[in-house]
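Here the structure comes first, spelled out in C-alpha cells, and everything after it is commentary.
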Amino acid sequence: MKEKITERYSKETESFSLGCANLSPFLAIREGDHLLELGCGSGKQAARLAALVGPKGIIVGLDLTSAMIERARIENVDERLTFVEGDIHRLPFDEDSFDLVSSNCVINHSRDKKLVFAEILRVLRPGGHFLIGDVMAVERLPEEVSSDPTAIADCYGGAIPKEEYLEIIRALGFLRIEQLDSRIYPKAGFLLESVTLRGFKG
Ligand SMILES: C[S@@+](CC[C@H](N)C(=O)[O-])C[C@H]1O[C@@H](n2cnc3c(N)ncnc32)[C@H](O)[C@@H]1O
C-alpha cells in the first residue's frame, strides 16, 4: 500500500493543490498556536498557515512521500516551519503537542482510520481541535475496490461511508463534532462525498 501511495505522489510534487476540500474558511487559529498538517504534500498550505500563527507559532507538516517532503523543505523556508517524513498511523510527536491538527484528502488512504484518529487525539492538547477534509463513500464500495491498492492511492478506494467515519471519531471521545462543508461528485463509477469536519479534544 505504502509503495502505491508514494509511487503516485512522487510524480505529483509540482501540483499546486491535491486537496479535496477548501479548509481556509474554517481555520480558527490564534497567534502562537502549534499546528500539525497531516499529509502536507509539498507544503504550500503549511506555508500559508505561517502567516496566521504569528512570530511564536509553530507549523509541522508530515508526509509519507519523501519527494514531497524534500520539495516542501526547499520551497518553504521559514523558521516556524518544519517538514517531517512520517506516517499518520505512528505520529512521531509527544502527546498534547498541538492546538490544531489539519489534513486535506489524506486519511481516506488509510485502512485503519481508527488508529489515525487515535493518534490525532493523542497529539492534540486538551481543548485543541482537528479540521479535516476527506473523501467518503455515499454507499459502501465493493470489496474488490476497497482492497485495491491502486484505487486506494487514487483517493477513492479507501473511502468509507460518512456515518461509519463519524462513528470512529465519536467513539474515540472527540467532542462538538461538526460537518462544515460537503460536496458530492462521481469518480470511477461511484458517488463520493468530500466532507469537511471539525472536532475537539475535551
Ligand atoms: C491527495 S494528497 C493531498 C496533499 C495536500 N494535503 C494537499 O491538499 O495538496 C495526499 C497526501 O497524503 C500523503 N499520504 C498518504 N498516506 C499517508 C500516510 N499514511 N502518512 C502520511 N502521509 C500520507 C501523500 O503522500 C500525499 O502527499
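Just one of the numbered conditions (1) among the hydroxyl-bearing types (Ser, Thr, Tyr); (2) more than 16 Å from the chain's Cα centre (by Cα); (3) closer than 22 Å to LEU131 by Cβ is not true of SER10; which one?
Status for SER10: all satisfied but (3).
How about region 135-177: which of its residues are in contact (Cβ under 8 Å) with a residue 60 or more places away in the chain, among the β-branched types (Val, Ile, Thr) and closer than 22 Å to PHE26 by Cβ?
Correct list: VAL135 only.
What is the number of the single condition among (1) in contact (Cβ under 8 Å) with a residue 60 or more places away in the chain; (2) surrounded by 15 or more Cβ atoms within 10 Å (Cβ to Cβ); (3) within 11 Å of the ligand (Cβ to nearest atom) that SER66 does not meet?
Of the numbered conditions (1) in contact (Cβ under 8 Å) with a residue 60 or more places away in the chain; (2) surrounded by 15 or more Cβ atoms within 10 Å (Cβ to Cβ); (3) within 11 Å of the ligand (Cβ to nearest atom), the odd one out for SER66 is (2).
All but one of (1) farther than 30 Å from VAL53 by Cβ; (2) within 16 Å of the chain's Cα centre (by Cα) hold for ALA118; which doesn't?
(1)
Which condition does HIS89 not pass, out of (1) surrounded by fewer than 17 Cβ atoms within 10 Å (Cβ to Cβ); (2) within 14 Å of the ligand (Cβ to nearest atom); (3) more than 30 Å from GLY32 (Cβ to Cβ), if it passes all the others?
Condition not satisfied by HIS89: (3).
For region 48-74, enumerate the residues that are touching a helix residue (DSSP H, G or I) at 6+ places or on another chain (Cβ under 9 Å) and at pLDDT below 95.
Result: ARG48, single match.
So, in region 1-56, how many residues would count as being touching a residue at least 60 places away in the same chain (Cβ under 8 Å), part of a loop (DSSP other than H, G, I, E, B) and more than 9 Å from the ligand (Cβ to nearest atom)?
Residues flagged as touching a residue at least 60 places away in the same chain (Cβ under 8 Å), part of a loop (DSSP other than H, G, I, E, B) and more than 9 Å from the ligand (Cβ to nearest atom) within region 1-56 amount to 6.
Select from region 69-86 the residues that are more than 9 Å from the ligand (Cβ to nearest atom) and assigned to a strand (DSSP E or B) and list them in ascending order.
LEU81, THR82, PHE83, VAL84
The values are calculated or read from the model by the stated rules, or taken from the named source; none is laboratory data. Just so you know, these numbers come straight off a predicted model, no measurement behind them. Positions of Cβ are generated from backbone atoms using ideal geometry, with glycine treated the same way; all protein chains shown enter the neighbour counts.
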